1. Quick one: which residues, 5+ away or cross-chain, put their amide H under 5 Å from the amide H of residue A:136? H built at 1.01 Å from N.
2. Amide H of residue B:130: which non-local residues (sequence gap of 5 or more, or other chain) have their own amide H closer than 5 Å, using H built in the peptide plane?
3. So if we plug the beta-carbon distance of residue B:117 and residue A:186 into 1/(1 + (r/R0)^6) with R0 = 51 Å, what FRET efficiency do we get, rounded to 0.05?
4. Using a Gaussian network model on chain A with a 10 Å cutoff between Cα atoms, which of A:163, A:87, A:59 fluctuates the most?
5. Using amide H atoms built in the peptide plane, which far-off residues or other-chain residues are under 5 Å from residue A:77 H to H?
6. With viscosity set to 0.692 mPa s and temperature to 37 °C, compute the Stokes-Einstein D of segment A:268-414, Rh being the Kirkwood radius across alpha carbon pairs; µm²/s, no decimals.
7. What ³J(HN,Hα) values, in whole Hz, does the Karplus curve 6.51 cos²θ - 1.76 cosθ + 1.60 give for segment B:165-173 when θ = phi - 60°, with x put for Gly and Pro?
8. When the helices in chain B are scored as -39500 (n - 2.57) per DSSP H run of 4 or longer and the sum is shared across all residues, what 222 nm value do you end up with, to the nearest 500 deg cm²/dmol?
Amino acid sequence: MLKLIIAIFVGKIILFFTKTLKFGGGSTAPGFYALKIDPCSIEELSEFLPLSIIITGTNGKTTTSKLISYFCEQSGLRVIRNRSGSNLERGVLSALIEQIPFNNFLNPSSIRKSFDLCIWEIDEAAFYQISPKINSLAILFLNIFRDQLDRYGEINSIISKWNQTLTKISQKSKIVINSDDTNLLQILKNIQTQPVSFSITGEKIKGESRIKGKKYKSQATATNIQLLSLDQTKFDLIIGLKTLHITSPLPGLYNIYNLTAALTLADILNLDLTKVNIWLESFSPAFGRVEKFTWKDKKFYLLLIKNPAGATEVLKLIKSYITPHDQLMIALNDKFADGQDVSWIWDADFEKLNDLKLKYKFVLSGIRAYDLAVRLKYSGIEENHLIVEPDLIDAFNALIKSDSERVFILPTYTALLSIQKILTQKKIKNYYWQN
Amino acid sequence: MKLTITYLYHDLMNIYGDTGNVIALSKRASWRGIDIEVKNISVGQKLTKGLSDIFFFGGGQDEQQVKVSEDLVSTKKGEIIKEEVEKGVPLLAICGGYQLLGEYYQPIQGKNLQGVSLFPAFTIASNRRMIGNILINASSKLMLEKNNCLVGFENHSGKTYLKNKDQALGYVKFGFGNNGEDQTEGCIIKNAIGCYMHGSLLPKNPDLTDWFIKKALSYKYQREITLKKLDNTLEEQAQRQLIKRFEK
């Protein structure tokens, strides 16, 4: 116990310094060092924590956890959660260090009086490490797509790890899954309890593997989908005996999956789902997930890309709403958090961009800007319609100088972090770690 | 002129962006006015002799690789591919495809997967994953025009050993290559190349793409072919950017 308190104390100090000196958001360093002092911090704390919801999968974790957390907070629940993609063990511990006051740690049994629920987005490869240590009320599996193979390995190996982990998890945890994803259904073999599933009808995400013929029956179904604009989507959600008519500010089919998943969790938590449209009206999207901001009459949209399935959905979305007066910038880095193998860009459907007839040139940036340029050239875009500017600051300045009305920026993860920094320096945004 | 690319097991053996190779071949041919048809052939489908001008075979997951290995043998596709390659049809096989076209693949547990024996090489599974960017000096047999550097990204745990090291596609300058031991990378037999280089390989190595197109046309039309020069500035910059990083 003393070791744990020292670990938390050191974590608190590190958090204080990173925030005061603006090193970063303090979303990983406090937990990282606390784990060095007491590697069992999370197990030891878990008995004092309220129940948890765990969210994992390849795409949509951050948006879905932000949605369900927001719904809970709007319903008056006090939530602890990890933020902005800090979804490894150190991110979970950093969130606990940040959000729980120090005197609570001195008397851990008081934590449960101060909080009602924990919501954790967990990296699909870190799931096996973290989830057995936490008492969970529900575990949500969003989807499984091919992601950075150098980090995660093959889809089959992730599923088999999930399966092994599920045997170690209490049967009290409800398993919530996207039943449109056939690969995910493989995990049902290893659970004893009845799962809760959700699906959507009529539309399909590219790269998703679906069962042919008979569909798995799901408890929550999104239907009558209308993708109206970048700021508005409508659909009906049939959940249990209720039908909800939903108006969402989040564009794109993938966000209907995220929202359906979040509402399935909200239903398990017995939140009042009739309030969903009121909640959504004031919801702002997560860090870099169709994040919008305006600067000197120019509108910017920031959309993270990180793997072929996610990038193709983003390209589809842009294609539906972009006009010839808009401009597009794509930034590809190959650091560890981006995936060091950039081969995936050849599996993403950049061909969608070749008939846009944009007045302004494509701006390509990041460490692997030339790989992107080659990808776009081979997708059928004229070479003289490409500007290659590996330095992100120069690329961003080129966007600011051009007369384009709106700018869409598609960065990989570490490029997104750098762009957030640039936005902060230019005072377009406040501190970059804020959601 | 026209070329038909046979994309082998496109649905099972493409998880590392290897499709980029087929895109590169198609584009560089069509920029020169050569018509391209891409035929996808997978499990259960028939492969007919004489209809392919280039074969492409990518990498897949372990489970799929077992399925594909069985299909190559049971439907005699493997035999047909080997015969065609011996006649002079070019082929590019990456990672899993390269392994299956060797003599055999020995997994850590279980029975050996029988290969096609197109490449005189065999592969032994290991517990060590060889991941990272790779730079090789290509064999002089290729007679590449500008330089003999090839760049890509490797991600494999199988170690491939060549029966005869003179048949290597090239020698590793940075990275692991066939097995991380003998500096060789890939294998070249007639106009067939097998190797571990993703990236995708061909878009960043345009001279190699043109080598395939030239070999395919020369074989199909039975005469010496000279290809029209294309502007490779972007491709070469993408390659140079990686080489520069290795030199640091």
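Rule-based calculations on the coordinates, nothing more; no lab input. Treat the numbers as computed from the prediction; the structure is a model and nothing was measured. Using ideal geometry, Cβ is built from the backbone for each residue, glycine included, and neighbour counts are taken over all protein chains shown.
1. A:52
2. B:156, B:157
3. So, using R0 = 51 Å, E works out to roughly 0.90.
4. A:163
5. Placed amide hydrogens put nothing under 5 Å from residue A:77.
6. 203 µm²/s
7. Rounded to whole hertz, the list is 5, 5, 8, 5, 5, x, 10, 6, 9.
8. Calculated from helices alone, the mean residue ellipticity at 222 nm is -9000 deg cm²/dmol.
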